[in-house]
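Worksheet for the structure shown next.
The values are calculated or read from the model by the stated rules, or taken from the named source; none is laboratory data. Please read these numbers as outputs of a predicted model, since none were measured by experiment. Positions of Cβ are backbone-derived with ideal geometry, glycine not excepted, and every protein chain shown enters the neighbour counts.
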Amino acid sequence: MESLIQASNIDYFEAVDGSRAAEALVTSILINGRGRYFDPRAQNDSSSTTPFEYLNMASASSSATYRLRLINGGSVLSLKFSIDGHPLTVIASDGIPFAQPVIVDQVIIGVGERYDILIKAATDRTRNYWIRVDTMDKNNNPRWHAQAILKYTSVTTIPTTEPRNCTTAQPCLILNCPFTQYGPKEVDNAMSLVCLTPHNITTHEDHLDRGLLDETVVPNVRKTLQMTMVEGTDERAAFESFNYIGMQYPPIDTPILYDAKRAREQFACSNRSLGEDTGERCYHTVMARYNDIVEFLLINHDDDQHPLHLHGSYFHIVEQGLASLNPTTGEFLANNPNVDCNEHAECKCTETTEACKKNNMRLVKDTVQLSKGG
């Protein structure tokens, strides 16, 4: 792995809220495997260009509506999607429809997330339009901008369109922000970019479990998972962890899920109180039986934004709290104040808040972005 952070250049891994991405070398972003590839070995940072991916709209009528299914297939950065001259009507996430469509200018897609959007054919179909994919990095890395072509003309001419001009009078809406404010405030404390967080998304009634949401059923298992770094020592490197436990697989010759009991016994965790200096690596398991209701309190006290995915299952997001930001700069100020955690990753809701005591969201997903301090 090669870092882009050096004394002589800019830190491109800092997001607009002050959080970070994994410091792996990301040379470029491609759309369906096509676009501009930046060669990091080139002296002048020049790019080699494969053909742009394009979506053919040449036969579209003025009343045509198209459905696009988007997925972030990367492993490091959340991506921001938009199409010049085309508002996005977002109708579903991770394959689950919304109760109501959300019309925005841009949508942020975290690692592993999927979004379904509708676009209407442009009134002016005499030209082509840029499809844009960007990151949320604060310092605008020139490598981290992908483009594709929404093609209305009979020939694939390079578009000359520009993104919508976002102003404080007519701000742009961004869906699925992992924070409450996108960048610093501008004139008169106004914003030209307005964040819509997952609180602004509601899953369609057909996919909600009312027993869970109304708390008429009681969880069988309650578990807190706090994400944080375990500090490195002379004997070991630092590692990411849940509750100061780093996942390590046991040395068995059969798939773990075929013999989960043996895997747990071979590399069991100590179940003692751990801290950033005393973390351990083991086969970290949360035990549940068939049809158990499991409630997780997920907390991110790491510097990075993290995607969390549950293989083979969907889950209800019933509460979400985000970090406190500096209201002027929009940068990270403090962890979410509604939860207190001690040095052993033992966390609970603060006694003065109602935030953890009532379900304020109706959202079903299989992947969620856990923001820094959230």
Residues of the range 166-193 that turn out to be of a type outside the set (D, E, K, R), over 15 Å from LYS80 (Cα atoms) and outside any loop (DSSP other than H, G, I, E, B), as a count: 2
Quick test for you: out of SER273, SER324, pick the one residue that is touching a residue at least 60 places away in the same chain (Cβ under 8 Å) and out of contact with any Asp or Glu (no Cβ under 7 Å at 6 or more places or on another chain). SER273
Just to be sure, is LEU308 over 26 Å from ASP94 (Cβ atoms) and modelled with pLDDT of 85 or more? no
Going through the range 219-244 in order, the residues found to be modelled with pLDDT of 85 or more and assigned to a loop (DSSP other than H, G, I, E, B) are PRO219, ASN220, ASN243, TYR244
Inside the range 327-340, can you point out the residues that are touching a residue at least 40 places away in the same chain (Cβ under 8 Å) and either of a type outside the set (Val, Ile, Thr) or touching a helix residue (DSSP H, G or I) at 6+ places or on another chain (Cβ under 7 Å) (or both)? PRO327, GLY330, GLU331, PHE332
ARG143 fails exactly one of (1) in a loop (DSSP other than H, G, I, E, B); (2) over 20 Å from PHE81 (Cβ atoms), namely (2)
Between ILE158, ILE149, which is in the same structural domain as PRO51 (by TED's automatic domain parsing), of a type in the set (Val, Ile, Thr) and outside any loop (DSSP other than H, G, I, E, B)? ILE149
Can you name the condition, by its number, that ALA122 falls short on among (1) aliphatic (A, V, I, L, M); (2) part of a strand (DSSP E or B); (3) within 26 Å of ARG36 (Cβ to Cβ)? (2)
Residue among ARG262, ARG289 that is over 30 Å from CYS349 (Cβ atoms) and of a type in the set (Lys, Arg): ARG262
How about the range 279-293: which of its residues are surrounded by 14 or more Cβ atoms within 10 Å (Cβ to Cβ) and in contact with a Phe, Trp or Tyr (Cβ under 9 Å, 6 or more places away or on another chain)? GLY279, GLU280, ARG281, CYS282, TYR283, HIS284
Count, please, the residues in the range 103-134 that happen to be of a type outside the set (D, E, K, R), surrounded by fewer than 19 Cβ atoms within 10 Å (Cβ to Cβ) and in contact (Cβ under 8 Å) with a residue 40 or more places away in the chain. 5
Would you say SER270 is exposed (fewer than 12 other Cβ atoms within 10 Å of the Cβ), of a type in the set (Ser, Thr, Tyr) and modelled with pLDDT of 85 or more? yes
Does the range 166-186 contain any residue that is closer than 20 Å to ARG127 by Cβ and either exposed (fewer than 15 other Cβ atoms within 10 Å of the Cβ) or touching a Ser or Thr at 6+ places or on another chain (Cβ under 8 Å) (or both)? no
Yes or no: the range 163-177 includes at least one residue that is under 18 Å from the mean Cα position of the chain (by Cα) and without any contact (Cβ under 8 Å) to a residue 60 or more places away in the chain. no
